[in-house]
Amino acid sequence: MIEYRNLRVALLGAGSVGAQVVAQLQKHGEELANRAGAGIELIGVAVRDIDAPRTAEIPRELLTTDAEGLIVGADIVVELIGGLEPARTLILEALNSGADVITANKALIATHGPELFAAAEQVGAQLFYEAAVAGAIPIIRPLRDSLAGDQVHRILGIVNGTTNYILDRMDLEGQSLEEALAEATALGYAEADPTADIEAYDAAQKAAILASLAFHTSVPIEAVYREGITAITGEQVEAARRAGYVIKLLAICERMIDADGDAGVSARVYPALVPRAHPLAAVHGAKNAVFVEAEAAGDLMFYGAGAGGVETASAVLGDLVSAARRHVIGGPGIAESTHGDLPILPIESVTTRYQISLLVNDQPGVLAAVATVFNEHGVSVETVHQTVSSLGAEGESATATLVIGTHEASEASLADTVDALASNDTVRAVTSVLRVEGSE
Ligand code: HSE
């Protein structure tokens with residue numbers, strides 16, 4: 001057996017991912033040491049409750065409640081506590097002591113990334129976070145390293161498994177949002193409080209991280225436009241299917257040119273209509289996928305498990321091997337690249353396409369009146385589809401549903417158009433407004 005220098009690894013947190021990191025290290029530690037060129041010695045696992053049940057057994061002598069004490073003297077610290085504090089403080093302490101840090105904490109990177117990256121750079125350490133976005137799927141390194149020679153134009157990501165599961169069940173089984181959410185909760189995908197998933201806070205954090213990497217620009221979480229899936233109805237899902245689309249919650253990171261011809265970055269999350277022929281439409285259940293459109297590479301798709309203990313542990317252990325190799329070679333860590341420093345564009349200046357459903361009186365002149373509203377706001381109509389909704393009782397006019405697809409227009413014009421339609425006398429109700437993404 002080869003004699004390696006030992007690297008001391010401190011693990012903070014032994015939840016579903018942390019416990020699996022320990023289990024995988026016990027199973028494959030020798031092989032990982034050969035890959036890293038260094039022994040990986042787990043010196044302890046900091047937990048809140050030593051006796052809490054865990055998904056894999058951890059030798060009791062490794063467990064401690066003293067996270068700060070454990071960090072002292074560690075070469076590599078793995079933070080799997082989650083949340084902002086005490087994770088932020090502990091990571092800063094670890095970096096300031098010169099340790100490399102590995103984290104799966106998307107909320108922390110999205111909220112305090114610049115502070116943590118600066119702390120790492122100051123001491124020549126490195127912060128690794130492959131597990132922070134889309135669990136097991138390698139996407140941080142591909143964006144940071146593999147695509148460093150290319151220009152990323154756009155990323156469309158299904159980065160929240162819970163909401164993808166819900167929308168998929170609504171689409172395939174005709175379930176209501178409530179039924180699908182209850183099933184996602186029973187299967188352990190959704191948290192007891194699913195707000196972060198269904199209101200898209202989780203996906204927004206991941207969008208901030210992906211956009212920052214793809215465009216070499218620090219994108220703060222506050223700059224990510226966010227709409228969750230709670231307003232999506234069974235009728236919308238059904239209508240989408242009939243029109244050849246599927247509704248997906250997308251994290252969209254895009255390099256755009258604004259009205260003055262200047263480049264900028266848009267990061268946004270919302271449920272959107274995706275054509276059934278698009279590769280993202282085939283992402284079912286709780287799976288994640290990140291579709292990257294790059295100038296030279298063309299379209300790439302990264303697909304797999306976006307959560308799960310052992311799956312996410314794979315990404316953490318990949319970072320652990322990288323950090324160990326870095327220690328063996330020596331020298332400063334690779335700093336985060338934010339030289340692009342592009343302005344972050346507000347949602348109003350993004351251009352997109354809408355599909356708008358209207359309930360209207362089925363009588364002469366209505367189509368012309370609706371077309372006038374689009375025309376007045378400079379929005380070009382691409383498709384119109386009409387179905388008679390009801391023949392109307394005695395004394396009442398019949399109603400029809402108009403489904404109008406637009407050409408690309410600015411969000412500001414499209415939003416104004418929807419407001420004007422809602423207050424137009426010929427329109428009884430605006431029944432659905434969804435954006436269309438991923439079509440040519
Ligand atoms: N709650 C997330 C999801 C997993 O449903 O995808 C962790 O980011």
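Taken together, the values in this text are just the output of simple stated rules run on the coordinates, not laboratory data. As the structure is a computational prediction, the values presented were derived from the model and not from experiment. When we count neighbours, we look across all protein chains shown, and the Cβ atoms used for this are built from the backbone with ideal geometry, even at glycine.
Evaluated at q = 0.06, 0.07, 0.11 Å⁻¹, the base-10 log of the normalised Debye intensity for the chain, with identical point scatterers placed on the Cα atoms, takes the values -0.30, -0.40, -0.87. With a cut-off of 13 Å between beta carbons, the residues surrounding Thr195 carry a summed charge of -4, where Lys and Arg count +1 and Asp and Glu -1.
Measuring between their Cα centroids, segment 16-84 and segment 94-112 lie 16 Å from each other. Averaging 1/r over each pair of different alpha-carbon atoms in segment 74-171 and inverting the result gives 14.9 Å, the Kirkwood hydrodynamic radius. Of all the options Asp197, Asp49, Asp150, the one that moves most in a Gaussian network model of the chain with Cα springs shorter than 10 angstrom is Asp49.
FRET efficiency for the pair Ala118 and Thr233, taken as 1/(1 + (r/R0)^6) with r the Cβ-Cβ distance and R0 = 30 Å, rounds to 0.10. For Leu7, what residues show an amide H to amide H distance below 5 Å, using hydrogens built from the backbone and excluding near sequence neighbours? Hits under the 5 Å cutoff: Gly39, Ile40, Glu41.
Spin-label model, Ser349/Ile329: points 7 Å from Cα along the beta carbon direction are separated by 3.8 nm.
Considering helices alone, the calculated mean residue ellipticity of the chain at 222 nm is -10500 deg cm²/dmol, with DSSP H runs of length four and up weighted by -39500 (n - 2.57) and normalised per residue.
So for segment 350-436, what percent of the C-alpha to C-alpha distances run longer than 14 Å? Summing the P(r) tail past 14 Å for segment 350-436 gives 60 percent. For segment 140-306, the share of alpha carbon pairs falling in successive 5 Å distance bins from zero is 1, 9, 18, 21, 20, 14, 9, 5, 2, 0, 0 percent. Find how many whole Å separate the alpha carbon centroid of segment 144-186 from the alpha carbon centroid of segment 398-412. Cα centroid of segment 398-412 versus Cα centroid of segment 144-186: 25 Å apart. Taken as entire DSSP H runs, the helices of the chain that both span 24 Å or more between Cα atoms along their own long axis and average 0.0 or more on the Kyte-Doolittle scale are 309-329. Note that segment 76-82 has calculated 3J(HN,Hα) couplings of 9, 10, 10, 9, 10, 7, x Hz, one per residue in order, obtained from phi through the Karplus relation 6.51 cos²θ - 1.76 cosθ + 1.60 (θ = phi - 60°); glycine and proline are x. In plain terms, the chain from Ala369 to Ala186 could stretch by 61.0 nm, reckoned as 0.36 nm per residue minus the Cα-Cα distance. Only lysines eight or more places from Lys106 in sequence, or on another chain, were considered; those with a Cα closer than 23 Å are Lys206, Lys248, Lys287. Shape descriptor for segment 281-383: Rg over Rh equals 1.20 (Cα atoms; Rh from the Kirkwood inverse mean 1/r).
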